[in-house]
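Read the structure below first, then the notes.
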Amino acid sequence: MPEPIEKILEHSRFIKSDLVYLLNTGGKERLELFTKAKETKATFVGKKVYFRGLIEYSNYCKKNCYYCGIRAGNSRYVRYRMTDSEVLEAVDYAHANNYASIVIQSGEQTNKAFVNKIESLLKRIHLQTEGKVHVTLSLGEQSRETYQRWFDAGAHRYLLRIEVSNPALYLKLHPNNPGHDYHRRLDSLKTLRNVGYQVGTGVMIGLPFQTIDDLADDLIFFREFDIDMAGMGPYIEHADTPLYQYRDKLLPLKERFDLSLKMVAILRIMMKNINIAATTAMQTIDPQGREKALMVGANVIMPNLTPVKYRQDYLLYENKPCLDEEAEECKSCLEARIHMAGDTIGYGEWGDSGHFLERNP
Ligand code: SAH
Ligand code: SF4
């Protein structure tokens, strides 16, 4: 007989069977989980939501992850790279609107020109905003030297999802070659930590072949790695990718969404003062998806600042929202929704991970 949920929620450290139980809850127990997560958030991170203006810098990618729409093997999209002035304009927008933080994300590129370009952009962003806008990078696996150069040029945080923490499952979702090696990705996470970044990772939820056991292990992975930030969201199929052939094996979208909410809620209870993002993929399934994530523990939102003309070419998955919304419209609808979720926006604040600050006083 499993323990009643009230007992499990009181455990100071969840064991795997607790996590499996919580991921499987329904009805009244599911709501108890969400209430506990909401209380944990209020106590340990407060009601403030931090904005990270998202700049989808380029859709050139040398990799071929089986799930992703902008994989190198997909010729449907026009490949683009934002110009310097487009990036700096987006940064200006973030600065003028008091977003103290931006995220530069891109397909994976490791050539010299790319590495130099990011370094010079980081320096220009620092100058232009007098160091007031902090930069998070999400540019995939790079050499230690590159991570160090970008850190020295002003980047403070890095997001690199492990995608799935089970190496055997990782192998099913990626080509079997050194460029897509699980251990290489894990080593990159460790290097980022050693260089001094606030490190964020995450997983996709509801992938083909993925089990509840895998998701429980993902949560344990986050705790063991002692992450500072998390970004998790539902896997959403994309017709131009190899994984699409397994679409019949997937959970319905609503269930993938619900599992994602539970992952956010459980992680908030496990790692009380980390930053957790309410991700765009959640909004893709449910128009109020990000607000729902805020209500069960998330505290970061990433409004999209990518110029509209590029958005239809940065489709990692299908039905991505806000393809035709300018940043201004995105902002005002978000503000209203965040207030509806009972939170306020931490304008002008960096919103560093409390967990990171605790480790690095
Ligand atoms: N190239 C970099 C950053 C861009 S991809 C990297 O891979 O780290 C950012 C994230 O998009 C990936 O980490 C992955 O988790 C997510 N993603 C890709 N395809 C997806 C899909 N079909 N459904 C949901 N998320 C997806
Ligand atoms: Fe490239 Fe990232 Fe997509 Fe993989 S997930 S194909 S690395 S953009």
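Just so you know, all these numbers are worked out from the coordinates, no wet-lab data involved. Since the model is a prediction, treat every value here as computed from it, not as a measurement. Virtual Cβ from ideal backbone geometry, glycine too; neighbours counted across all protein chains shown.
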Note, Asp84: beta-carbon cut-off 14 Å, +1 each Lys/Arg, -1 each Asp/Glu, net 0
Neighbours of Gln245 by Cβ distance under 14 Å: Lys/Arg at +1, Asp/Glu at -1, summed charge 0
Note on the chain: contact order normalised by length, alpha-carbon pairs under 8 Å, 6 or more apart, percent, works out to 24
At the level of C-alpha centres, the distance separating region 24-38 and region 147-211, in angstrom, is 30
Here the gain from full extension of Asp324 to Arg247, 0.36 nm per residue of separation minus their alpha-carbon distance, amounts to 25.0 nm
With Rg from the Cα atoms and Rh as the Kirkwood inverse mean 1/r over Cα pairs, region 54-359 has an Rg/Rh of 0.92
With the label point 7 Å along the Cα-to-beta-carbon line of Thr344 and a cut-off under 20 Å to each amide N, the hits in region 8-52 are 38-52
Total charge of the residues flanking Ile55 in space, meaning their Cβ is under 11 Å from its Cβ, with Lys and Arg +1 and Asp and Glu -1, is -2
Quick calc: nm separation of the 7 Å Cα→Cβ label points for Glu145 and His11 -> 4.7
Listed by chain and number, the residues whose amide H is under 5 Å from that of Tyr60, excluding neighbours fewer than 5 places away on the same chain and using placed H, are Tyr80, Gly107
With R₀ set to 30 angstrom, the calculated FRET efficiency between the beta-carbons of Ser85 and Lys47, to the nearest 0.05, is 0.25
What helix-only [θ] at 222 nm does the chain give? Using -39500 (n - 2.57) per DSSP H run of at least 4, over all residues, to the nearest 500, the answer is -13500 deg cm²/dmol
Out of Leu121, Leu31, Leu243, a Gaussian network model of the chain with alpha-carbon springs under 10 Å gives the largest mean-square fluctuation to Leu31
If the chain between Arg359 and Arg124 were fully extended at 0.36 nm per residue, the gain over the current Cα-Cα distance would be 81.7 nm
Extend 7 Å from the Cα of Asp152 along its Cα-to-C-beta direction; within region 94-124, residues with backbone N under 18 Å of that point are 112-124
Under the 7 Å Cα-to-Cβ spin-label approximation, Lys132 and Asp240 lie apart by a distance in nanometres of 4.0
Residues whose built amide H sits under 5 Å from the amide H of Ala72, excluding neighbours closer than 5 in sequence, are Lys63, Asn64, Cys65
In a Gaussian network model of the chain with springs linking alpha carbons closer than 10 Å, the residue among Gln198, Gln109, Gln128 that fluctuates most is Gln128
